[in-house]
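Below is one structure; the comments refer to it alone.
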Amino acid sequence: MGGVSRRAFAVAALSAFTMAPRASATPVPSAVPGPAEGPRGGGVATAGTRGMWLATVAGRDWPSRAGLRAAEQRAELVEYLDTAVRHGLNTVIFQVRPTADALWPSAYEPWSEYLSGSQGRDPGWDPLGTAVEEAHARGLELHAWFNPYRVATHDVPSRLVPSHPARKHPEWVVPYGGKLYYNPGLPEVRAFVQDAMMDAVEKYAVDGVHFDDYFYPYPVAGQSFDDGGTFSTYGGGFAARAAWRRNNIDLLVRETAERVKKIRPAARFGVSPFGVWRNAATDAAGSDTKAGVQTYDDLHADTRKWVREGWIDYIVPQLYWHIGLEAADYAELVPWWAEVARGSRTELYVGEALYKAGDPAQGAAWQDPAELSRHLTLARQHPEVRGHVYFSAKDVADDRIGAMARVNADHYARPARAPRP
């Protein structure tokens with residue numbers, strides 16, 4: 001997530017595509033039971049991830065407004081967990097560090113303003129601790145979702161509480177695109193953000209640690225991320241700044257994976273990147289897409305490498321496009337990611353754009369309640385796909401045009417058990 005919501009970014013990112021849809025959608029194969037979901041019928045479904053993201057930045061999903069009483073916030077959170085169960089899901093990915101802050105009593109960073117309305121103010125309860133306990137009571141996995149480098153969705157350091165690490169270490173911070181970011185090129189920053197995240201992993205029996213799609217920030221036209229001095233200091237051995245930046249993110253991912261396994265061996269570490277690694281026009285190993293953003297080049301995140309090297313336990317590429325979209329066809333990207341995951345230890349889940357279903361700003365494909373169901377039918381043709389994750393919790397609950405209900409009827413007729421025993 002970046003800015004105020006993943007949905008807001010998706011609108012901006014798609015403007016960088018060639019958007020003319022194909023004359024007709026790619027034909028969808030007939031339903032074939034896949035390893036993640038199994039055939040429809042009675043009993044309990046085989047293991048496979050059926051998840052939803054529960055976003056907190058700017059109150060995207062929860063809480064409904066900042067400053068609710070603790071009991072009201074807790075009730076809303078628990079209701080989302082009940083929503084997951086009602087819709088046959090088994091995993092909730094809960095955003096607990098949206099902007100260098102915390103939804104638990106952290107030893108490193110202030111309480112999130114999205115709880116009380118004021119950064120650093122104790123909300124009077126422990127959202128992450130409650131989420132873990134209540135999720136497990138319902139047979140759900142709870143993955144803690146962290147944004148490593150975003151400091152604020154504004155660019156005014158004085159708006160941060162005086163005790164904020166970014167105020168104490170202004171040399172760590174880079175303003176860019178109207179926001180504040182920690183500089184990924186500084187070793188002390190990489191160590192600090194890991195310490196801040198591992199504080200939660202040490203304290204709570206989370207089932208997973210989750211990064212979203214934000215590493216170096218998404219490009220903003222006419223602006224540059226000011227890390228030239230850092231590159232001069234730490235970039236020896238790298239001919240190009242882009243390669244050095246990718247190495248910085250590689251180090252973050254590898255080190256975080258190692259620390260998660262050391263602290264909580266049963267927990268899994270996963271990433272949900274933007275859905276296009278590179279276009280084939282840029283790299284023959286890339287996908288047959290025309291994306292205006294490529295994670296390798298623009299976010300300096302070599303997500304394909306992480307899968308092939310087995311550095312992460314799972315990957316959830318955000319394939320937020322409909323079947324038949326010329327610039328980024330879901331039917332092209334699923335097999336591309338399946339090939340990336342084939343033979344690796346990294347499990348592949350698909351990130352699904354439930355938020356688009358029924359949105360009047362979207363095209364005709366997203367007005368059809370069956371579009372998402374067709375996604376799952378298509379994905380079943382690829383045994384590497386081990387599940388799906390829906391963005392986001394509010395959209396699962398609202399189910400504007402019944403797209404989630406259609407997925408339930410067509411694919412989740414049997415109750416889910418947790419992805420792991």
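The values are calculated or read from the model by the stated rules, or taken from the named source; none is laboratory data. Keep in mind the model is a prediction, meaning the values are calculated, not measured. All Cβ positions, even for glycine, are placed from backbone atoms using ideal geometry, and neighbour counts span all protein chains on display. Quick note on the areas: whole protein, heavy atoms, side chains included, nothing else; ligands and nucleic acids left out. Shrake-Rupley method; radii C 1.70, N 1.55, O 1.52, S 1.80 Å.
Points to keep in mind about this one:
- Of note, TYR149 does not satisfy the criterion of being within 21 Å of LEU299 (Cβ to Cβ) and open to solvent by 10 Å² or more (accessible area, probe 1.4 Å).
- Summed over region 68-96, residues that are polar (S, T, N, Q), out of contact with any strand residue (DSSP E or B) (no Cβ under 7 Å at 6 or more places or on another chain) and either within 12 Å of LEU142 (Cα to Cα) or touching a residue at least 60 places away in the same chain (Cβ under 8 Å) (or both) total 1.
- Output for region 160-188, where each listed residue is in a helix (DSSP H, G or I) and free of Cβ contacts under 8 Å to residues at least 24 places away in the same chain: ARG167, LYS168, PRO170, GLU171, TRP172, GLU188
- Candidates GLY139, GLY178 - the one that is more than 27 Å from GLY51 (Cβ to Cβ) and exposed (fewer than 15 other Cβ atoms within 10 Å of the Cβ): GLY178
- Criterion (touching a helix residue (DSSP H, G or I) at 6+ places or on another chain (Cβ under 8 Å), surrounded by 23 or more Cβ atoms within 10 Å (Cβ to Cβ) and either among the polar types (S, T, N, Q) or at pLDDT 95 or above (or both)) met by exactly one of ALA107, ALA144: ALA144
- For first residues located in region 386-411 and farther than 16 Å from PRO369 by Cα, partners that are surrounded by fewer than 17 Cβ atoms within 10 Å (Cβ to Cβ) and lie 6+ apart or on another chain with Cβ distances below 9 Å form the pairs ARG386/PRO35.
- Residue within region 37-49 that is of a type in the set (D, E, K, R), at pLDDT 95 or above and open to solvent by less than 50 Å² (accessible area, probe 1.4 Å) present: no
- Test: residue in region 134-141 that is in contact with an Asp or Glu (Cβ under 6 Å, 6 or more places away or on another chain), modelled with pLDDT of 95 or more and within 18 Å of VAL201 (Cα to Cα): yes
- All positions within region 125-136 that are assigned to a helix (DSSP H, G or I) and open to solvent by less than 50 Å² (accessible area, probe 1.4 Å): PRO127, LEU128, GLY129, THR130, ALA131, VAL132, GLU134, ALA135
- Set TRP244, TRP306: member being under 19 Å from the mean Cα position of the chain (by Cα) and touching a residue at least 24 places away in the same chain (Cβ under 8 Å): TRP306
- Residue satisfying all of: in region 281-309; in contact with a Ser or Thr (Cβ under 6 Å, 6 or more places away or on another chain) and not in a helix (DSSP H, G or I); least open to solvent (accessible area, probe 1.4 Å) among these: ALA301
- The residue list ASP122, ASP155 contains one member that is assigned to a loop (DSSP other than H, G, I, E, B), in contact with a Leu (Cβ under 7 Å, 6 or more places away or on another chain) and either modelled with pLDDT of 95 or more or among the hydroxyl-bearing types (Ser, Thr, Tyr) (or both), which is ASP155.
- Exactly one residue among GLU188, GLU202 is of a type in the set (Asp, Glu), more than 17 Å from ALA102 (Cα to Cα) and open to solvent by 10 Å² or more (accessible area, probe 1.4 Å), and that residue is GLU188.
- Residue in region 225-260 that is nearest to TRP311 (Cα to Cα), counting only those that are open to solvent by 10 Å² or more (accessible area, probe 1.4 Å) and in contact with a strand residue (DSSP E or B) (Cβ under 8 Å, 6 or more places away or on another chain): ALA257
- Residue in region 52-70 that is nearest to VAL92 (Cα to Cα), counting only those that are assigned to a loop (DSSP other than H, G, I, E, B) and open to solvent by less than 10 Å² (accessible area, probe 1.4 Å): ALA55
- Positions within region 97-114 being in a loop (DSSP other than H, G, I, E, B) and in contact with a strand residue (DSSP E or B) (Cβ under 9 Å, 6 or more places away or on another chain), in sequence order: PRO98, THR99, ALA100, ASP101, LEU103, TRP104, PRO105, SER106, TYR108, GLU109, PRO110, SER112
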